[in-house]
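**Q** Provided herewith is a single structure, encoded as C-alpha cells, for subsequent inquiry.
Taken together, the values in this text are just the output of simple stated rules run on the coordinates, not laboratory data. This structure is a prediction, so every number in the text was calculated from the model and none was measured. Every residue, glycine as well, gets a Cβ built from its backbone with ideal geometry; the counts of neighbours run over all protein chains shown.
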Amino acid sequence: MMGVMAREETRTLKSTTAHPSATTPEKGAVVPAPRAWAVRLVVVGIVLSALNLRPAITSLGALLEEVRDGLGMSGTLAGLLTSVPPLCFAVFGVMAPRLARRFGPGAVVCAGMVAITAGLLIRPYMGSTPGFLAASALALMGIAVSNVLMPVIVKRWFPDRVGSMTGLYSMALALGTAAAAAVTVPVADTLGGSWQSGLAVWAGLAAAAVLPWIPLVRDRGPAPAAKGVSRHVHARVDGAGEVRHVHARVEQPALRITRSRTAWALAVFFGLQATAAYITMGWMAQIFRDAGVSAGTAGLLLAVTMVMGVPLAFVIPRVATRLPHQGPIVIVLGVCGLAGYAGLYFAPAAGAWAWAVLLGIANCAFPLALTMVGMRARTGAGVAQLSGFAQSTGYLISIPGPLLVGVLYQHSGGWGLPIALMVGLMLPQMAVGVLAGRDRTVEDEAAR
C-alpha cells in the first residue's frame, strides 16, 4: 500500500507541476495534462493580442491632424495625447496582477481585448474631445492589463521557452505597431477619406483577438513550480490500495518586490526605454522634416524604425535567454541609440536611412526588458508582481519625456537640446540595464 501511495504521489506531483492548466493546489484533484489544442490556442491568443497592443496609439498618430480638425482640439491638448498612453499603462497596469489572481490571466486578457475593441469602435464617433479621450482610455486600459500579463502567460504555459515565446510576442507587437502607422491613412482614403473609419477599422482586429481567449477564461491553474519552494502532499488510500484523493499545498513566502534592487533596476530600465520609444514615435518624423526631408519620406523612415523590431524582437529574446548576463545586449542596443542620435544631430538628412535603422535597433530594448521580466523571477506569481511593478513604475517614469522634448524644441527653435536630452537619458538606461541583466531573482533579493 505504501509503495502504491508513493508512486501515486510522484505521478500527481508531475501532473500538477508540468503545466499551468493542471489542478490548483487548493483543490488537489488529479487532472491530466492539457491537450495540444489548448497550447495552440494560447499561442494564437498571444500573437493576436500582441498585434493589438499598439494600433490604438500609432493609428491615432497617423491621423492626428485630421482628428484635431474634426474635434476642434487645441494644439496643447493634442500634445498631451502623447503622454496619455504611458499614463494609462501606469495607472491601469498596476491592477493587472490583482485581477489575475482573482479571475485568472486568461480571463483578464480576454476582458482586455473586449475593452480594446469597444474603445476603438466608439472613440471616432463620440463627437467631442472628452468623449474621444474617455474611449481612448478604455482601449488603453485593455492594453495596459494585457501588457502586464503577457509575460505571466508566457511563463506559465511555456516555462522552458520563455525566450522564443517572448520573441514571437514581441515580433507580433512590432508588426502591429508598424502596420497601424503605415496603412491607417491609405485605409481611411479607401473608405472615403473618413478619419473616423480609418480609426474604427482597427476594432475588427481587436475583436478577432477576443476569440482565442474565450475557451481559456476558466483557466486558473498555478504557475510552474519553482526550485526551493516547499510542497506538501497528502494522499488518502482505500482498502484496495488505490488513491482516492490527493491534496497538494505549496507554501510561498510573501514577495516584497520593492526590496529587490533588480526589480528597481528593471523598472527604471523599462521606463527609460519607453521614454526613448515614445520620443521616437512622436518626434522622429518631425526631425527629418525640419531637415528638409519630405513628409512622405519621413513617414517611411519612421516605418523603417518600427519594422526593425519585427525580426530583432524574435532574435534578441532567444539570445538573451542563452546568456547568464544580459548586460552586453543592453550595451549594444544603447550604443546603436547613441549613434543614431549623433547622426540626427550632425547629418539628419544625409544619413537618414542609417539613423532610422540604428534607432530601430535601439528600440528593441523593449523585448529585452520583457524577456528579463520572465528571467528575473522564478515563479509565476513572482513574474506577475515583477511585470506589474516594472511596467507601472516604468510607464510613470516615461510620461514627462515626450512633453519635455516638445518644450525644449519650442523654446530653443531647434533640435540640439532635445537630442542632448535623448543622449542624456540613454546613458543611465544602459547603466540600469546592466544591473537588471545580472543573473539573480527578485525572490532571493526580497527574502534577504
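**Q** Could you calculate the contour length gain from Ser294 to Ile214, that is, 0.36 nm times the residue separation minus the distance between their Cα atoms, to one decimal place in nm?
**A** 24.2 nm
**Q** Rounded to whole Hz and in sequence order, give me ³J(HN,Hα) for the stretch 194-210 from the Karplus expression 6.51 cos²θ - 1.76 cosθ + 1.60, θ = phi - 60°, writing x for Gly and Pro.
**A** For the stretch 194-210, the Karplus-derived couplings read 8, 5, 4, 5, x, 7, 5, 4, 6, 5, x, 5, 5, 4, 5, 6, 5 Hz, x marking Gly and Pro.
**Q** Still on this model: What is the stretch 104-189 by shape, rounded, prolate or oblate, if you read a ≥ b ≥ c off the alpha carbon gyration tensor as root eigenvalues and call it rounded for a/c under 1.5, prolate for a/b larger than b/c, and oblate otherwise?
**A** oblate
**Q** Now a separate question. For the residue pair Val319 and Met95, what label-to-label distance in nm results when each label sits 7 Å from Cα along the Cα-to-beta-carbon direction?
**A** Spacing of the two 7 Å Cα→Cβ label points: 3.9 nm.
**Q** Now for a different question. For the stretch 156-221 and the stretch 272-322, write down the distance between their C-alpha centroids in whole Å.
**A** Spelled out, the Cα-based centre of one part sits 19 Å from the other.
**Q** I need the phi-derived Karplus couplings for the stretch 263-270: 6.51 cos²θ - 1.76 cosθ + 1.60, θ = phi - 60°, integer Hz, Gly and Pro marked x.
**A** Working through the residues one at a time gives 4, 5, 4, 5, 5, 5, 4, 4 Hz.
**Q** From the Cα gyration tensor of the stretch 311-448, with a ≥ b ≥ c the square roots of its eigenvalues, which class applies: rounded if a/c is under 1.5, or else prolate if a/b is larger than b/c, or else oblate?
**A** Prolate, since a/c reaches 1.5 and a/b exceeds b/c.
**Q** Could you give the length gained on full extension between His411 and Met126, defined as 0.36 nm per residue of separation minus the Cα-Cα distance, in nm?
**A** Separation in residues times 0.36 nm, less the Cα-Cα distance, equals 99.2 nm.
**Q** Determine ³J(HN,Hα), in whole Hz, for all residues of the stretch 365-382 in sequence, where each value follows from phi through the Karplus function 6.51 cos²θ - 1.76 cosθ + 1.60 and θ = phi - 60°; x replaces Gly and Pro.
**A** 5, 5, x, 5, 4, 4, 5, 5, 4, x, 8, 8, 9, 8, 10, x, 5, x
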